[in-house]
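This report concerns only the one structure given below.
The numbers here are math on the coordinates, done by the rules we state, and not lab data. Here the structure is a predicted model, which means the values were calculated and not measured. For neighbour counting, all protein chains shown are included, and Cβ atoms are generated from backbone atoms with ideal geometry for every residue, glycine included.
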Amino acid sequence: MKVIKIDKNQWAEGLAKLEGSYRMFGPVAVQGKFPEFRELEKGDVPNLDVPNTHLSAKSVVYPQSEVMFEYSLDEHIEDHHLLREIEKDYSPRAVFGIRPCDAAANLLVKRNFDSKEYRDPYWADSFESCVFIGHACENPGGTCFCTSVGFGPFNEDGLDLLLVNSGKGGFLAKVITDKGAVLAKSAGWKTEGDAASIESLKKQAEAKMSSKVNTDQLSKKDATALFDAPFWEDIGFACLNCGTCTYSCPTCWCFDIQDEVKNKSGVRMRNWDSCMYPLFTLEGSGHNPRPQKHQRVRQRFMHKLKYYVDKYQAGVQCVGCGRCVKLCPVNIDIRTVCEKMNSYQPA
Amino acid sequence: MPVRIDEIVTETEDKMLKTFKFVFLNKEDEERFQHKAGQFAELSVTGKGEVPIGIASSPTEKGYVKFTVNKTGLVTRYMHNMKVGDIMGIRGPLGNWYPWETLEGKNVVIIGGGFAFSTLRASIVYMLANRDKFKEIHVIYGSRSPGLLLYRDELAAWEAAGDIGMHITVDGTDDPDWKYNIGFVPTITEKKAPPADPDTYAIVCGPPAMIRFTQPVLDNLGYAHDNIINSLEKRMKCGIGICGRCNIGDKYVCKDGPVFTLNALNHMPGEK
């Protein structure tokens with residue numbers, strides 16, 4: 001695989017060249033705000049110095065709120081009360097500085113949105129319009145555990161190009177896919193780089209990973225036994241059901257569908273939802289299968305670490321980005337929960 | 001798929017249940033909407049939202065689809081104020097169905113309670129249209145009072161036709177002319193259900209209390225858990241297993257269900 005060397009000037013020039021042919025996305029640091037991952041406005045440059053953004057990069061493919069249909073309730077209009085499809089912009093997107101964990105998360109989520117049975121057009125068309133230019137993590141964070149769940153700080157799954165800092169504002173770029181090669185060519189990046197130095201930086205980064213979690217026994221456990229395990233009330237005791245874990249998670253995909261009307265025109269939209277909220281499962285009759293918070297906490301962990309494992313036979317629904325660990329206001333730690341589940345022996 | 005309301009029938013004396021008959025605005029949608037008894041669809045009202053409801057008409061009834069809707073939330077309350085001729089939408093059919101492939105050539109006892117009878121109506125009409133494909137058919141159906149029974153004219157017609165065993169019951173009534181059973185569904189099941197047999201299947205659909213008290217009765221009668229078929233409900237949104245809401249374990253009620261054998265449910269986490 002090809003490695004390209006990009007110095008500071010070539011980087012800036014390349015970005016300017018790409019602006020015309022791609023919608024550009026990346027991490028942006030704004031004074032007084034947490035860095036965020038979003039579409040770049042004119043004059044914005046992707047800020048690759050920021051550590052992982054609080055909210056993951058999933059919003060590039062899967063916006064927090066997305067309008068699917070529009071309609072008119074005005075009976076003078078011929079197609080009143082009928083849903084109309086909305087025109088979407090699926091022109092090519094260049095996603096700069098996505099971390100390997102967030103890129104890998106897209107592939108985990110793809111199993112839900114783009115399967116043999118159903119292809120969600122909004123998610124899949126968005127995903128396919130993207131070129132993912134990842135940024136390797138030289139200094140993984142203290143709550144990161146990507147290497148425990150099958151990925152790593154230099155992981156290439158879900159990426160088209162991988163950037164590695166080479167000092168003085170420059171990068172070494174590993175070309176992973178044809179899409180990545182096309183982008184590099186359009187940017188004018190072509191100087192051959194040194195593949196061996198990427199390998200050594202990768203080893204150094206992996207050696208810095210401080211968290212290790214075991215997941216090897218999860219697939220062998222009985223789902224109903226784990227569901228009935230005695231530790232869930234303890235784990236969920238402090239939970240505030242704030243939903244921070246689900247919103248910040250790159251692999252949480254649950255959504256709600258709502259209608260919104262202003263005057264005579266309305267839209268049907270979908271919004272990220274969270275299994276931490278009692279309304280998530282509240283039925284019309286008043287019955288709620290998960291009325292208590294420990295039941296909702298259990299659902300989140302069981303989904304990620306057991307149901308997903310059983311359903312797809314492809315590992316856990318977690319990329320080890322560590323956001324939920326870092327951001328949880330009451331220190332609920334998926335690593336601890338995972339160990340409990342992985343080592344659980346029913347009495 | 002856009003549809004027009006063709007007929008609205010108020011089913012019960014408390015006026016909480018209405019049956020809507022829809023015709024498709026586009027002929028090709030009507031042809032594409034091929035369902036099997038036991039499936040559901042999302043009914044859509046622009047400006048309000050969608051609601052998942054069991055399909056009350058049988059696939060053998062052509063040219064329209066029917067849904068019996070209980071006045072409960074935002075969409076269903078609005079629907080109860082809609083009129084014949086109004087335009088709305090249907091998205092479906094969704095979910096799985098009662099296992100007709102298995103049930104052919106078998107005895108079937110349908111046990112239903114309250115307003116959960118709509119997909120059971122679809123099933124009865126379907127079986128009657130294919131009467132020679134099934135052996136004995138029994139229907140045990142109960143509600144709190146006579147005025148709360150759904151489809152009363154059809155119940156009477158099925159009873160009169162005599163090619164299925166109809167066992168209608170109410171919890172209680174002060175009607176001196178009431179000629180059917182009085183008693184809860186589990187009690188009537190104990191008295192009227194056919195004996196257990198590998199070739200006899202029970203389809204059970206009703207409120208949680210009815211299901212809870214009917215199961216021990218069927219257990220006593222010796223019904224195997226593979227021969228007891230349930231239909232479940234959950235809060236739903238997408239109806240195609242991707243919005244993550246209606247799961248029990250790794251199964252989604254909207255896509256892998258709503259129909260499950262009791263045996264399958266026994267192996268799923270207890271979150272019903």
Under the 7 Å Cα-to-Cβ spin-label approximation, A:Asp89 and A:Ser200 lie apart by a distance in nanometres of 4.4
Expected max-MSF residue from A:Pro230, A:Pro92, A:Pro100 in the GNM of chain A (alpha carbon, under 10 Å) is A:Pro230
Kirkwood calc, the protein assembly as shown, C-alpha pairs only, radius in angstrom 27.2
For A:Asp178 and A:Gln313, extending 7 Å from Cα along the Cα-Cβ vector and measuring point to point gives, in nm, a value of 3.0
Computed ³J(HN,Hα) along the stretch A:23-32: with the Karplus parameters 6.51/-1.76/1.60, θ = phi - 60°, integer Hz and x for glycine or proline, the list is 7, 9, 10, x, x, 10, 9, 10, 3, x
In the structure shown, of A:Lys58/A:Lys110; B:Lys192/B:Lys272; B:Lys83/B:Lys234; B:Lys36/B:Lys255; A:Lys110/A:Lys311; B:Lys21/B:Lys71, the pairs separated by more than 18 angstrom at the C-alpha atoms are B:Lys192/B:Lys272; B:Lys83/B:Lys234
Length-normalised contact order of the stretch B:99-199, Cα under 8 Å, at least 6 apart, in percent, tallies to 28
Expressed as a whole-number percentage, the relative contact order of the stretch A:6-91 with C-alpha contacts under 8 angstrom and at least six residues apart is 19
The relative contact order of chain B, taking Cα pairs under 8 Å that sit 6 or more residues apart, comes to a percentage of 18
As a percent rounded to 5, the proportion of antiparallel DSSP bridges among beta bridges in the protein assembly as shown is 65
Here the stretch B:85-101 yields Karplus 3J(HN,Hα) values (6.51, -1.76, 1.60; θ = phi - 60°; whole Hz; Gly and Pro given as x) of x, 5, 9, 9, x, 10, 10, x, x, 10, x, 8, 9, 4, x, 4, 4
Note to self, chain A gives a 222 nm [θ] from helices alone (DSSP H runs n ≥ 4, -39500 (n - 2.57) apiece, / all residues, nearest 500) of -8000 deg cm²/dmol
HN-Hα couplings for the stretch A:72-82 via Karplus (6.51, -1.76, 1.60; θ = phi - 60°), in whole Hz with x for Gly/Pro, come out as 10, 9, 7, 5, 7, 8, 4, 9, 4, 6, 10
For the stretch B:138-272, one quarter of the surface area of the C-alpha convex hull, expressed in nm², comes to 9.6
Looking only at lysines whose Cα falls under 20 Å of A:Lys5's and that sit 8 or more positions away or on another chain, we get A:Lys17, A:Lys168, A:Lys174, A:Lys179, A:Lys185, A:Lys190, A:Lys202, A:Lys203
Any residue on another chain or 5+ positions along whose placed amide H is under 5 Å from the amide H of B:Ile110 is listed here as B:His138, B:Val139, B:Ile140, B:Ile203
Quick calc, A:Ala29 & A:Asp234: beta-carbon distance into FRET formula, R0 45 Å, rounding 0.05, result 0.70
So, with points 7 Å from each Cα along the Cβ direction, the A:Glu138-B:Val84 label distance in nm works out to 7.7
Residues meeting the amide H criterion for A:Arg38 (H placed from the backbone, H to H distance under 5 Å, 5 or more places apart or on another chain) are A:Gly26, A:Val28
The set of residues whose placed amide H lies less than 5 Å from the amide H of A:Arg99, leaving out same-chain residues fewer than 5 positions away, is A:His135
Mean other chain Cβ within 10 Å across B:41-50 is 5
